[in-house]
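Colleague: I'd like to ask you about the structure that follows.
Every number here is computed from the coordinates shown, using simple stated rules; none is lab data. All of these numbers come straight from a predicted model, not from anything done at the bench.
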Amino acid sequence: MRVMRILTRPNVGGPTAQAIALWHAHARRSVTTLLVTGRCGRDEAAMLPSAHGVPRVDPFAEPATGGWFELSELSRGIAPWRDWRSFRRLRDLIGRWQPDVVHTHTSKAGALGRLAVPARSRVRLVHTFHGHVLADYYGPVRSFLLRRVERWLARRADALIGVSPSCVDELVAFGIAPRERFSVIVPAVATSVPLAREVARQRLGLPANGVCIATVGRLVPIKRIDHFVAVVAALPEVTGVVIGDGPLRAPLIAQAATLGDRCRFVGVRDDVGAVLSAFDAVLLTGRREGLPLVAVEAFAAGVPVVGYDVPGVRDALATLGSGILVSERGGPASLAEAVSTLRTRPEERRRLVAGGQAAVDRFAPDDIAGHLCCLYASLWR
């Protein structure tokens, strides 16, 4: 089987990590995958597939092998002329490489990739929603238009996937497609071997003793990292670490200025899974998620996770894994109270850690690759 997987850009984040993990898992199943991505923006940290064992290829100049191809015209944002060139190049690439399945990920690649597959083609078309931008990202008019476009694009796909039950629930509520057209397939997460706690703290420059908490994510409004800073401010004995970067870095640092060394911004790291063992808790402060991969990495590291009871997070911490969910209405104060609970109730901490570690295998890349192969085969039948 030949699969062309299309991703808007290989930035640090869940979709890229999943695409790389699936490339390797499918290779072990003798499935040839061509991973096609655009380029990262200047303000984004890249997670290049070639740095993670996926060979870089040029299918326009080389034999039809698998690997990673960078389509330079493809990038985030709307640029009509550039998007038209991306569409034409994707259509040419599909005709040249002759995949059995085109599997698109993320909004921009999902739109151009689904349009690039010719009508009445033998190619089967699958799209994964790793979340959505249909609410809370833009104003009401743009959100309304995006929903209309996504409904139309959904009709072009042979199969639709959501990475969590609540992700599918929201997409159905927005009228993107009937529930029976969706499958829930959780992300493939290639977890790291965690460092010993003291080694991880040394690597991060954290004190050997004391309570340390972390949050991981892009510094953008939807992630609400300001809530994490507020939690650190509310707990004077706690040191907080923000892992990630983005356009809100400067205002967040300004918000944390009075906290001094108690709130640290360490930027993007490529060893997140290994160093999470340094922390006493990982906090998820976002307004919504598809399914937060950092929760799975925390499970593997034996670290409890605390998050708001919002789509995606509730799936990770209540349905698929184990963690503490708090109400959004309580705001940062409810998160701070949960962190304090972990300190005063060691038996609760042990229960959460055990539940999280038991859930890690649900996200094993080889198993997820198997589920996808079954889906692909069913489309051909």
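Colleague: In a GNM of the chain with a 10 Å cut-off on Cα contacts, which of 96, 314, 197 has the highest mean-square fluctuation?
Modeller: 96
Colleague: Sticking with this one: Starting from 0.36 nm per residue, how many nanometres of slack lie between residue 319 and residue 82 once their C-alpha separation is accounted for?
Modeller: Full extension from residue 319 to residue 82 adds 81.2 nm.
Colleague: Considering the chain as a Gaussian network with a 10 Å cut-off on Cα pairs, which listed residue, 119, 301, 316, attains the greatest mean-square fluctuation?
Modeller: In the Gaussian network model the winner is 119.
Colleague: Highest GNM mean-square fluctuation, the chain, Cα pairs closer than 10 Å: which of 23, 84, 68?
Modeller: 84
Colleague: Here is a further query. For residue 142 and residue 173 in one chain, what is 0.36 nm times their gap in residues minus the Cα-Cα distance, to one decimal in nm?
Modeller: Full extension of this stretch gives 9.4 nm more.
Colleague: Work out how far the C-alpha atoms of the chain reach from end to end along every principal axis, then list the three figures in whole Å, largest first.
Modeller: Extents along the principal axes, in whole Å: 62, 45, 38.
Colleague: Short version: what are the Cα gyration tensor semi-axes of region 197-362, square root of 5 times each eigenvalue, largest first, in whole Å?
Modeller: They are 21, 18, 16 Å, listed largest first.
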